[in-house]
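Written below as structure tokens is the structure these notes are about.
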Amino acid sequence: MKLFYPIVFLALFAPWVLADGLPELGDYSATVLSPLDEQRIADEIMRDVYASSQVLEDPEINDYIDSLGHRLAASSPDKYQRFNFFVVKDNSINAFAMPGGVIGVHTGLLTAANNESEVAGVLGHEIGHVVQRHLARMLAKQKNDSVISMATMALALLAARSNPQLTGGALTAATANSIQKQIDYTREHEREADRVGLQILDSAGFDTRGMPSFFETLQKGTRFSEGSAPAFLRTHPLTSERIADVRNRVEQTAYRQVKESPEFQFVKVKLLSNIGTADSVINIFRNNLQEKSYTSEAAQHYGLALAMLRKRDLSGASKEIEWLRKNALPNAMIETVATNIAVTGKSPTEAEKEYLDALSKYPDHRALIYGYAELLLATRQADKLLKLVGDKQGQYPDDPYFYELKSRVYTMQGKTMLRHQAQGEAYARRYNLRAAVEQMDLASKATDGDFYEQSIVEARLNQLRQQLDDKKRDK
């Protein structure tokens, strides 16, 4: 299905926030959705997230957003709320949240932000909506006790907010828009999310001025017409009064100088390097460097390396990497580009040496792990690949890609049981229980496993079937 866009929220609380009259954390009196219900809805949504072609599959950008989001979430008073953060390939300026702590960020928001605290301010606002349970309360008003139907409703609603044509089979556009009008966020919801978001921003060590400055940037850049306003404004109504309220709260806090992570500028430039033709991007970065029009000189050279690699100018890209290694602080994202250059222009043996050197410095960097794994797969080094996955999987136990790699290796080796078992585990981590059961059932019927392997597969199959049956009973 097409991915849903816009937003949802629920918020958190601290003593000074409660003084503003927010509902008590953990108060479910106003909703029929329990925390377990919300998590089941979140699982349904995440299944569609993984299946969507609109989700950005870039481990560096996704890991950055995940790290930033969980750093903020750690400052939420609700320590039990789970969160899933992901990035949507969409140039509109937007972010959104859904039941169960599912939060998406559009690439357009990352490229529009001036600094990391502005992005953190938006994420803090979304986390605020989540822990305040705004959407759960609004969905509860629909008097629909089907958890899965509520997940479908949430997806359709959020799709309709951004583009009524994207609702697909979930609901008709007219129905989605009709429901949207019944549960649109109130001004008080937005004010609550702002207040809670500011508290999170401050507690997590970011510059609280990031929130009002980003709001003001959006306000100045639009005439507030429905057709031209950034998506964030259409889904989060922004008024001068609201901006003034946030600004006043910020001015009451002590000034804090915040050191921005270099990853923010690198992530922003990485996204910008793929907009337009390679030549046009190269000219932009070169002009920025010539005019000294940048926040980070290193990020501009990094962008140049990426754009030149796009153009397959390996010599030019290599020169930019040399500059970065000599003049910039060490960064795993620089080494990822260097290994990609090596894969494109050098022999597999030389490229493997580049990966091993980079991984010795950054052993947990997923982009490097993925890249090396794909090189080993392409060169049919099955044993090395299985050892790599075995060594790294402990750090990322819920990453489905590691299981998919194992399944591909076992397919190469002709190991039927292990192939289906690994693919089943991959589906389970993509929240697709039905497909996981199908694969594990195929594994149980394979005849090339030993007694121990067979026992593990059958036990796991029973567990997955039980989870699927539980889900069916909830419908």
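The values are calculated or read from the model by the stated rules, or taken from the named source; none is laboratory data. If you're wondering where the values come from, they're calculated on a predicted model, not measured in any experiment. Backbone-built Cβ (ideal geometry, glycine too); neighbour counts: all protein chains shown.
Some observations on this one:
- Test for L375: is it of a type outside the set (S, T, N, Q), in contact with a Pro (Cβ under 7 Å, 6 or more places away or on another chain) and at pLDDT 95 or above: yes
- The selection criterion, being hydrophobic (A, V, I, L, M, F, W, C) and either surrounded by 14 or more Cβ atoms within 10 Å (Cβ to Cβ) or assigned by TED's automatic domain parsing to the domain that holds I45 (or both), does not hold for A459.
- Inspection of segment 239-252 identifies no residue that is assigned to a loop (DSSP other than H, G, I, E, B), at pLDDT below 80, surrounded by 11 or more Cβ atoms within 10 Å (Cβ to Cβ) and out of contact with any Lys or Arg (no Cβ under 8 Å at 6 or more places or on another chain).
- Which listed residue is among the aliphatic types (A, V, I, L, M) and under 20 Å from T111 (Cα atoms), from L324, L289, L314, L309: L289
Quick grid of which residues meet (1) assigned to a helix (DSSP H, G or I); (2) more than 21 Å from M308 (Cα to Cα):
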| site | (1), (2) |
| --- | --- |
| I341 | yes, no |
| L359 | yes, yes |
| Y370 | yes, yes |
| L376 | yes, yes |
| R380 | no, yes |
| K384 | yes, yes |
| V389 | yes, yes |
| K392 | yes, yes |
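- Test: residue in segment 444-461 that is under 31 Å from the mean Cα position of the chain (by Cα), closer than 30 Å to E350 by Cβ, among the basic types (K, R) and at pLDDT 95 or above: no
- All positions within segment 321-339 that are in a helix (DSSP H, G or I) and over 15 Å from L368 (Cα atoms): I321, E322, W323, L324, R325, K326, N327
- Of the residues in segment 395-414, at least one is free of Cβ contacts under 8 Å to residues at least 12 places away in the same chain and under 25 Å from A51 (Cα atoms).
- Test: residue in segment 207-216 that is among the hydroxyl-bearing types (S, T, Y), at pLDDT 90 or above and in the same structural domain as A113 (by TED's automatic domain parsing): yes
- Take the conditions (1) out of contact with any strand residue (DSSP E or B) (no Cβ under 7 Å at 6 or more places or on another chain); (2) surrounded by fewer than 24 Cβ atoms within 10 Å (Cβ to Cβ); (3) farther than 28 Å from Q467 by Cβ; D63 misses just one of them, which is (3).
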